[in-house]
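Presented below is the structure to which this report refers.
The values are calculated or read from the model by the stated rules, or taken from the named source; none is laboratory data. As the structure is a prediction and not an experimental result, all values here were calculated from the model. Cβ placement follows ideal geometry from the backbone for every residue including glycine, while neighbour counts extend to all protein chains displayed.
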Ligand SMILES: NC(=O)c1ccc[n+]([C@@H]2O[C@H](COP(=O)([O-])OP(=O)(O)OC[C@H]3O[C@@H](n4cnc5c(N)ncnc54)[C@H](OP(=O)(O)O)[C@@H]3O)[C@@H](O)[C@H]2O)c1
């Protein structure tokens, strides 16, 4: 098992892509901190499922946009597991609206939850990872962060920002053997995309060479690879997982 | 007083692999002791652990020489 004995913190792991990432890292041997915002019951279920396959796991509620909550969560993780080897920044929200109609609060909420959070968690974990002289940080961006998307100015700006932040953190932390990469999913079946009307989905299929939506596991496999020793020469990259929708 | 200097010196010698004789109060971390920015951040982290202190980001930016670190720590103890 490639991640045996490692500790991974996955933000937004109560459902969707984050849940699948948490489970996949656990299947590969890692102990998991399941972070979430409000869905305690779902998060505890994920932690239970991880324990049932023989790994250690705790669910920690923390708003990733709040620096104190993030620092507290990282402290708790290190106290509990002794190490912190893998950080996956997956938590994210949407507040879609055309630019002309977008409220300032929609902009702020999405930028804080989706982008500022990555800065806060990276800062908080890098102390521990620098000490360990080893670490893996994996940030979940999005296809729209490179292609743009009408109705998602806030979300796209945050997801594009993640790519720039990933490259900079990769350069700053490389001397300490910490790699930082981004994964940019295309359209993946989760609560986020279930909201799309059926006709929009049909239109989408036409733009996807592989003619289907992706599944959370399509993302989780790539994250597990980036979290492993096998990816040690990859840093600052954005890996696209989108069925060929954007090349 | 000298105790702080001794403990700081030991950490610097361990972390930067420099000769103890080079670690004088006037020595600058970057020019004289060959530390890069990350080394300085790490040294501050180790000093925090050693002395049970928190250096604020603004304060740690002002620490240029070994003496700066020692007097900062002494002022906080
Ligand atoms: N689905 C897609 O097609 C797609 C495509 C590209 C990129 N992505 C990205 O992939 C990531 C996961 O998406 P998803 O579709 O799996 O989302 P999802 O099903 O809506 O789940 C969102 C997760 O984030 C957590 N979360 C939200 N705000 C948080 C906060 N402030 N602090 C901590 N946790 C918070 C939620 O916790 P609670 O359950 O407690 O609310 C939940 O676990 C996001 O970054 C998203 O932008 C998704």
- Filter the stretch A:125-157 for residues that are touching a residue at least 60 places away in the same chain (Cβ under 8 Å) and either within 12 Å of residue A:184 (Cβ to Cβ) or more than 14 Å from every other protein chain (Cβ to nearest Cβ) (or both) and give the result. A:136, A:138, A:140, A:141, A:143, A:146, A:147, A:155
- Item | All positions within the stretch B:8-50 that are more than 14 Å from every other protein chain (Cβ to nearest Cβ) and in contact with a helix residue (DSSP H, G or I) (Cβ under 6 Å, 6 or more places away or on another chain) | B:8, B:13, B:20, B:23, B:25, B:27, B:29, B:33
- Query: Tell me, which residue of the stretch A:166-197 that is away from the ligand (no atom under 16 Å from the Cβ), surrounded by fewer than 19 Cβ atoms within 10 Å (Cβ to Cβ) and touching a residue at least 12 places away in the same chain (Cβ under 8 Å) is farthest from residue A:132 (Cα to Cα)?
  - Reply: A:167
- From the set of residues in the stretch A:24-43 that are farther than 14 Å from residue A:138 by Cβ, more than 11 Å from the ligand (Cβ to nearest atom) and surrounded by fewer than 23 Cβ atoms within 10 Å (Cβ to Cβ), which is nearest to the other protein chains (Cβ to nearest Cβ)? A:29
- What residue, among those in the stretch A:77-124 that are more than 10 Å from the ligand (Cβ to nearest atom), within 21 Å of the chain's Cα centre (by Cα) and free of Cβ contacts under 8 Å to residues at least 40 places away in the same chain, is nearest to the other protein chains (Cβ to nearest Cβ)? A:123
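Considering A:64, A:10, which residue is within 19 Å of residue A:142 (Cα to Cα), more than 8 Å from the ligand (Cβ to nearest atom) and either at pLDDT 95 or above or surrounded by fewer than 23 Cβ atoms within 10 Å (Cβ to Cβ) (or both)?
Values: A:64 fails: more than 8 Å from the ligand (Cβ to nearest atom).
After ruling out the rest, the residue left standing is A:10.
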